[in-house]
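Here is the structure we will look at, set down as structure tokens.
Just so it is clear, none of the values below were taken in a lab; they were calculated from the coordinates. Everything quoted here is computed from the prediction, not taken from an experiment. Neighbour counts are summed over all protein chains in view; Cβ atoms, including those assigned to glycine, are modelled from backbone coordinates with ideal geometry.
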Amino acid sequence: MSMVLIYALSATIFMMVFLVVGLAYIIKLRRRIYKISQENSSFKTLCDIIKTPIWFKDENLKITWVNKFYAKMFDRSRASIYGLTDKELSPSKLSDGYIRDDLYVKESRKPYVYRENEKSGMWFETTKFPLISDEGNLYGLGGIAFNITAIKKSENLMHSMVYNDYLTGIPNRLFLSVEITKLLSVAKENNTKLAVIGIDLDNFKDLNDLYGHSVGNEILKKTAQKLKLYTSDKGMVIGRLGGDEFVVVIPNVKDDEYINQTCNDVRKLINTFYDICESNITINISVGVSIYPDNCDNYEDLMRQTDMAVHTAKSRGRNCIVFYDEEIGKANFKRINIEINLKPAIENDEFSLYYQPKVSVDGNDILGFEALLRWNSKELGFVSPADFIPVAEQSDLIVSMSDWVMRKAMVQNLKWKKQFGTMYPVAVNLSAKQIHKPDFLSKALKLIEELNYPPEYLNCTPECGHG
């Protein structure tokens, strides 16, 4: 066989193989194209079912495809939208932002997510993403906007439940802690002052007992409304700490006189008649103030000092304004020390009674005795009744102390009878809190019966001094 024939045969075989391989590749490619077209068709069908806007743009930011919901949103046919840019489709105040976001996605090749609130009150969360080929080339952008109005409402509800007071609707203690901490950071950066005004309704417990909790709740709500109305245009923050305690925060304080003026305004605002349940109720308030950086430089100390100032205002007769200072801090430390050591005082037998005689006008006859409570603390030494009685009155400690005084005085009088053959009337000073207890009378009668004590030799008088 000649070489020419061999070459011709080889060429023929090569061409046949090439045609077979090429044909197989073409068939495979057509199948792939068909599959992609089918997948693309399925994808677009799926996009049309979804009731949220979906769109695609080319690298020049012109729209190449949108789903039915997108077209319906603009009340246009899809064909009329294709080839347009956002500037041609939306008002400039919206399109400028859309284009800016698109350029960011295009340049960074990263998805971008943002939320926006429509005038209608609806919320959308939009995700824009780059379209990148297998070769790594960007050939367009895509986007989808989900209606998250229901989610946003749930978020707002959760925020309200966490950060708002359930009764009054104004910010609660948790919100105040977060907000005041932020405001303190701003004050430090700008070298400005910040004031926290603590407000406590005077005798609120008595009002609750007299009119009932429903009226008490109405008083709290009306107080919150008044504070909200007063501060709404002043850049102040208000909140309820709990119970009958409220707070007004003044950021960026210009001078101390402005703080003082605000305190007086708040007093006048709240010290008015509350028309509730056909009753005119007058409310007075005790006000305490702490200032950053004059008094402290952190949230915890600021709130603690405000509370001390309020407590001092109450101890000074209520219905007044007190600014925190070092003397208040020292007095508060002393009060806390007394309160801590008062609790174990009865168990540790640290109390004693001194009996002051009551004599006749001519001074010749003893008419009786007054039992005076004294405290010699193991930790603090001798503590004046003027110091420990007010502290005890602020808690239920005064009740147990008064019970102890009554029993001790009666037992002592019985000892005198046994020793000297005679008894004298003994007066014991009892706290108003103890006398107002529903079981006070029954407990007193039970004690008299237990000790077999003649009741005519016991005089119970409300505490009106500290002996």
(request) Starting from the Cα-Cα distance between Val411 and Cys460, subtract it from 0.36 nm times their residue separation and give me the gain in nm to one decimal. (result) 16.1 nm
(request) Net charge near Gly198: determine it from the other residues with C-beta under 10 Å of the C-beta of Gly198, scoring Lys and Arg +1 and Asp and Glu -1. (result) -3
(request) For Lys188 and Asp301, calculate 0.36 nm times their separation in residues minus their Cα-Cα distance, and state this gained length in nm to one decimal. (result) 39.1 nm
(request) With log10 I(q)/I(0) by the Debye sum over Cα atoms at q = 0.07 Å⁻¹ defined as stated, name the option among (i) -0.33; (ii) -0.67; (iii) -0.48 computed from the structure displayed. (result) (ii)
(message) Run the simple label-point estimate for Phe333 and Phe382 please: 7 Å along Cα→C-beta, distance reported in nm.
(response) 2.4
(request) Sequence neighbours fewer than 8 away in the same chain don't count; with that in mind, list the lysines whose C-alpha is under 23 Å from Lys417. (result) Lys358, Lys408, Lys446
(request) Determine, for Leu194, Leu447, the number of other Cβ atoms within 10 Å of each Cβ, and report the residues in order from fewest to most. (result) Leu447, Leu194
(request) May I have the pair-distance distribution P(r) for segment 51-163, computed from all Cα-Cα distances with 10 Å bins from 0 and rounded to whole percent? (result) 13, 41, 30, 12, 3, 0
(message) Sort Lys314, Lys334 by Cβ crowding within 10 Å, fewest neighbours at the top.
(response) Lys334, Lys314
(request) Evaluate the distance, in nm, between pseudo-label points positioned 7 Å from the Cα of Leu94 and of Glu450 along their respective Cα→Cβ axes. (result) 8.0
(request) Under 11 Å from the Cβ of Lys68, count the other residues' Cβ atoms, weight Lys and Arg +1, Asp and Glu -1, and hand me the total. (result) +3
(message) Full-extension gain between Asp362 and Asn280, please, as 0.36 nm times their residue separation minus the C-alpha to C-alpha distance.
(response) 24.3 nm
(message) For the pair Asp256/Lys234, report the inter-label distance in nm, with labels modelled 7 Å from Cα in the Cβ direction.
(response) 1.9
